[in-house]
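First comes the structure, then the notes that go with it.
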Amino acid sequence: MTKNLLPIETLEATEVSRLLHDGKILLIDVREPSEYASERIAGALLYPLSTFDAKALPDDGARRVVFHCGSGKRSLSAAEHRLAAGQKRAAHMGGGIAAWKAAGLPVLSP
């Protein structure tokens, strides 16, 4: 396994919440559809890691792409794929939706 030479930024849940609220990020949920259906972050778009194609995602522009998952492992993998696809930087939310909930931030659930 090769190590990326480019950094992957790990953002705290509270920072992701602020950036999402301010319209500065595009939050991508890389969990599976069943996980997303059971609970999700308002405004996050579903793009499961199991069918992930980093080249299909937009470049960072006015809104930066940030990944999240359940615990932070899959989102880190998605960020690595983003770098491998030629993007100059990548970011994910450390701790995933679990950290989001632990910070007292709201989730949508049926």
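Derivation of every value follows stated rules applied to the coordinates shown; laboratory data play no part. Computed from a prediction, not measured in an experiment: that's the story for all the values here. In this analysis, Cβ positions are derived from the backbone assuming ideal geometry, glycine residues included, and neighbour counts consider all displayed protein chains.
By the helix-only formula, in which each DSSP H run with n ≥ 4 contributes -39500 (n - 2.57) and the sum is divided by residues, the chain has a 222 nm mean residue ellipticity of -8500 deg cm²/dmol. Take every pair of alpha-carbon atoms less than 8 Å apart whose residues are at least six positions apart; their mean separation over the length of the chain yields a relative contact order of 37 percent. Other residues within the sphere of radius under 13 Å centred on the Cβ of Asp60, judged by their own Cβ, net out at +4 (K and R +1, D and E -1). Taking a Cβ cut-off of under 12 Å around Arg31, the surrounding Lys, Arg, Asp and Glu residues balance to a net charge of -1, with basic ones at +1 and acidic ones at -1. What separates the Cα centres of region 81-97 and region 14-65 is a distance of 11 Å. Summing charges over all other residues whose Cβ lies under 11 Å from the Cβ of Leu19, with Lys and Arg as +1 and Asp and Glu as -1, gives +1. Per residue, the Cα convex hull of region 10-102 amounts to 81 Å³. With neighbour counts taken as other beta-carbon atoms within 10 Å, the residues His81, His68 rank, fewest first, as His81, His68.
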